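A.B. asks: Take a look at the following structure, please.
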Amino acid sequence: MLVELSIKDFAIIDNIKINFTKGLNVITGETGSGKSILIEALGMILGSRTSKDFIRTGCDKAVLEGVFYIEDLSTLRPILNDLSIDIDHDNLLIITKEIFANGPSLSKVNGRAMNLTMLKTITTKLVDIFGQHEHQSLLDINNHQLLVDAFGDEDFTSLKSTIKELYDELQEEKKKIKSLSMDSGERDREIDILRFQIEEIDEANLTMEDEHSIEAEFKKLSNINKISQSVELALSYLDSDDYDFQGAINLVNKSLSLVSSAKEFDEKLESFFNRLSEINYELQDINRELNYYLNSIDIDMERLNYLHERIDLVNKLKRKYGNSIDSIFKFRDEAEERLNKLLNFEKEYENSLSRIKELEEKLDKNCSKLSEMRKKIANILEENVKAELSQLNMSNVDFKVDFIRTAQFTPQGFDKIEFLISTNPGEGLKPLSKIISGGEMSRIMLAIKSILAFLDKIPTLIFDEIDAGISGRTAQIVGEKIYNISKKHQVICISHLPQIAALADSHFVINKVSKANRTISEVSRLSDQERVEEMARLIGGVDLTTTTLKHASEMIEMSKILKNNSRKF
């Protein structure tokens, strides 16, 4: 579960830290106080795209951090091991997001840098955010299949993977057929080009030495005069007995003589004498070997010309076929493979047609099996959604998952799925977008989420103002539904309804205040008395009266009774 959320220099937030608890955490606050900013920040921690626009004015960066306690490591441990992420004995996972004004954003998990793809493999197992935008996603028919598939088991997921693999292979075979489908003149022209390319590469007799060795040798031979001059000068510095200039060997010999005479009076100088002797021997060896090297080098113009031509040839082939010898070899092998296919056109074409037929038969069989599995899931989903909606004060609703077979295979099978609903008796089933109000949409999404919540193992659910469009008795029912979910999951709920806030195990309020001529948001956890006052504000507005305070206190007490009774079952 999420135990701590820290936000610094983000939008109108200066520096806040929220410690969440188990059960139902409710956050309330005036419109514009910063409730949506909390969700934005948490979303970025979990892996959504960041924006520098959220960095607080005048700051270099924003820092967001979520601390998660992992009660059951069985699901996450294989992922953490694959990503080489250590987790301590307290089972804490710390996810940090730094958003820089003058650089890329950085995500870390327990101190290890992560890209967004790696991060999401972890966070999708930790938190599910359900916001108002999901109302719109429910109207998109493309999401209906995803929702149905979310209820599938391991066999279902494995079958989907098999279908995806078969579909991808089918597309590759179709591309192969298309590439082979050309007129004879076009095919002959491509055969001639491929043969020329293969022959040109083969005639060059390339080796890996052509990558570096010939360039190194060419560099040496083309600079042989500079090398000779440098070595001659080095030798003069080593061994010269000119009156005006003495070489290093001569000077070391003089030093040896002086130390030799002095060491008779102090035995400590013996070690220095020995070391100087070794240096003298080494300098003489170097001098001899450098002389030998100088006498052995020669300018071989024929070899130099050969190397020059070889380098030109290799560079020419690199420009045409790849920027390295390996790339040229790879191009040559691919060209030969393509040439063989064109020379054996009829056989390749027949093989591809046969493989396409085989893949389509396998796809049809597996897609039919997947469709049957989906229909069984859909039947269960229909009954569960209707049952949940009945509990959410929509007792006369009929809900159906409609299936249409697509004309073509897709990576997900051949089902086109759409949710149909009738909210009143006697009305025919219609698509959600045709008849659903905002309040009804909130309850349908909550019904689906309630069902999913008891199937998946995601420990933390976040509801961002899902109470839009509802009030009164329906709001009370929605609150009770959310509270029931919180008995098995940590729930963080941003709400404006007192019926939901009254059921909170922990109640937080976010306020916008002015400090040092700047507007910032602050979050605090409410005491019992502060809860009553905040509830009264939710009920009656800014002005608190004796009546609203009494009503607020009664709502909290009634909620305690309801919560205590629900724990008995």
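A.B. asks: Kindly state which helices (runs of 4 or more DSSP H) lie completely within the range 301-393 and contain at least 2 residues that are hydroxyl-bearing (Ser, Thr, Tyr).
C.D. replies: In the range 301-393, 301-321, 345-391 are the helices (runs of 4 or more DSSP H) which contain 2 or more residues that are hydroxyl-bearing (Ser, Thr, Tyr).
A.B. asks: In the range 182-205, how many are free of Cβ contacts under 8 Å to residues at least 60 places away in the same chain and either within 27 Å of PHE345 (Cα to Cα) or in contact with a Gly (Cβ under 9 Å, 6 or more places away or on another chain) (or both)?
C.D. replies: Final tally of qualifying residues: 12.
A.B. asks: Could you list, in sequence order, all residues of the range 157-182 that are of a type in the set (Ser, Thr, Tyr), farther than 16 Å from GLU334 by Cα and at pLDDT below 90?
C.D. replies: SER181, the sole residue that qualifies.
A.B. asks: Something else about it: Working only within the range 206-246, note down all residues that are in contact (Cβ under 8 Å) with a residue 12 or more places away in the chain, surrounded by 14 or more Cβ atoms within 10 Å (Cβ to Cβ) and not in a helix (DSSP H, G or I).
C.D. replies: Scanning the range 206-246 gives LEU206, ASP239.
A.B. asks: While we're on this one: List the number of the failed condition for ASP82; all other conditions in (1) charged (D, E, K, R); (2) without any contact (Cβ under 8 Å) to a residue 12 or more places away in the chain; (3) under 30 Å from ASN484 (Cβ atoms) hold.
C.D. replies: Answer for ASP82: the failing condition is (3).
A.B. asks: Follow-up question, since we're still on this one. Show the residue pairs meeting these rules: Cβ distance below 7 Å; 6+ apart or different chains; first residue within the range 121-149 and under 13 Å from SER433 (Cβ atoms) and at pLDDT 85 or above; second residue crowded, with 16+ Cβ neighbours inside 10 Å and among the aromatic types (Phe, Trp, Tyr).
C.D. replies: HIS144/PHE419
A.B. asks: With the requirement that a residue be farther than 17 Å from LEU106 by Cβ and of a type in the set (S, T, N, Q), what does the range 34-78 give you?
C.D. replies: Residues satisfying the conditions are SER36, THR57, SER74, THR75.
A.B. asks: In the range 486-497, is there at least one residue being without any contact (Cβ under 8 Å) to a residue 40 or more places away in the chain and under 15 Å from THR460 (Cβ atoms)?
C.D. replies: Yes, the range 486-497 has at least one match.
Results for (1) at pLDDT 90 or above; (2) crowded, with 19+ Cβ neighbours inside 10 Å; (3) not charged (D, E, K, R), shown as yes or no for each residue.
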{"site": "GLU30", "(1), (2), (3)": "no, no, no"}
{"site": "ALA41", "(1), (2), (3)": "yes, yes, yes"}
{"site": "CYS59", "(1), (2), (3)": "yes, no, yes"}
{"site": "LEU64", "(1), (2), (3)": "yes, yes, yes"}
{"site": "TYR69", "(1), (2), (3)": "yes, no, yes"}
{"site": "PRO78", "(1), (2), (3)": "no, no, yes"}
{"site": "ASP86", "(1), (2), (3)": "no, no, no"}
{"site": "LYS108", "(1), (2), (3)": "yes, no, no"}
{"site": "ARG112", "(1), (2), (3)": "yes, no, no"}
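A.B. asks: For residues that are in a helix (DSSP H, G or I), touching a Leu at 6+ places or on another chain (Cβ under 7 Å) and not β-branched (Val, Ile, Thr), scanning just the range 458-479, find the one that is modelled with the highest pLDDT.
C.D. replies: Checked the range 458-479; the qualifying residue modelled with the highest pLDDT is GLY479.
A.B. asks: Does the range 183-196 include one or more residues that are among the small types (Gly, Ala, Ser), over 30 Å from SER433 (Cα atoms), at pLDDT below 80 and not in a strand (DSSP E or B)?
C.D. replies: Looking for residues that are among the small types (Gly, Ala, Ser), over 30 Å from SER433 (Cα atoms), at pLDDT below 80 and not in a strand (DSSP E or B), one finds at least one in the range 183-196, hence yes.
A.B. asks: Look at GLU270 and say whether it is without any contact (Cβ under 8 Å) to a residue 24 or more places away in the chain, farther than 30 Å from GLU336 by Cα, in a helix (DSSP H, G or I) and not β-branched (Val, Ile, Thr).
C.D. replies: Yes; evaluated as a whole, the condition is true for this residue.
A.B. asks: Continuing with the same structure: Within the range 148-192, work out how many residues are farther than 18 Å from LYS362 by Cβ, surrounded by fewer than 13 Cβ atoms within 10 Å (Cβ to Cβ) and not polar (S, T, N, Q).
C.D. replies: 10
A.B. asks: If the requirement is being hydroxyl-bearing (Ser, Thr, Tyr), touching a helix residue (DSSP H, G or I) at 6+ places or on another chain (Cβ under 9 Å) and under 30 Å from SER296 (Cα atoms), which of these qualifies: SER260, SER230, SER277?
C.D. replies: Exactly one residue qualifies, and that residue is SER277.
A.B. asks: Mind telling me which of the residues GLU372, GLU337 ends up being under 30 Å from ASP155 (Cβ atoms) and surrounded by fewer than 16 Cβ atoms within 10 Å (Cβ to Cβ)?
C.D. replies: Testing whether each residue is under 30 Å from ASP155 (Cβ atoms) and surrounded by fewer than 16 Cβ atoms within 10 Å (Cβ to Cβ) leaves just GLU372.
A.B. asks: While we're here: For the range 243-297, give me the residue count where each residue is closer than 30 Å to SER228 by Cβ and of a type in the set (Asp, Glu).
C.D. replies: 5
A.B. asks: Let me ask something else about it. Scan the range 528-535 and give yes if some residue there is among the polar types (S, T, N, Q) and in contact with a helix residue (DSSP H, G or I) (Cβ under 8 Å, 6 or more places away or on another chain), otherwise no.
C.D. replies: There is no residue in the range 528-535 that is among the polar types (S, T, N, Q) and in contact with a helix residue (DSSP H, G or I) (Cβ under 8 Å, 6 or more places away or on another chain).
A.B. asks: Among the residues of the range 516-569, which ones are assigned to a strand (DSSP E or B), at pLDDT below 90 and either surrounded by fewer than 17 Cβ atoms within 10 Å (Cβ to Cβ) or on the phi > 0 side of the Ramachandran plot (or both)?
C.D. replies: ARG518, THR519
A.B. asks: What is the residue count in the range 403-422 for residues that are closer than 20 Å to ASP168 by Cβ and either crowded, with 19+ Cβ neighbours inside 10 Å or not aliphatic (A, V, I, L, M) (or both)?
C.D. replies: Residues in the range 403-422 being closer than 20 Å to ASP168 by Cβ and either crowded, with 19+ Cβ neighbours inside 10 Å or not aliphatic (A, V, I, L, M) (or both): 9 in total.
A.B. asks: Take the residues in the range 485-515 that are touching a helix residue (DSSP H, G or I) at 6+ places or on another chain (Cβ under 7 Å) and polar (S, T, N, Q); name whichever of them is surrounded by the fewest Cβ atoms within 10 Å (Cβ to Cβ).
C.D. replies: GLN499
A.B. asks: Now for a separate question. Taking interchain pairs and intrachain pairs at least six residues apart, which have beta carbon atoms under 6 angstrom, with the first residue in the range 543-567 and more than 14 Å from GLN499 (Cβ to Cβ) and the second not aliphatic (A, V, I, L, M)?
C.D. replies: Listed pairs, sorted by first residue: THR548/GLY540.
The values are calculated or read from the model by the stated rules, or taken from the named source; none is laboratory data. Keep in mind that this is a model prediction, so the values were computed, not measured. Reconstructed Cβ throughout: ideal geometry from the backbone, glycine too, with neighbour counts over all protein chains shown.
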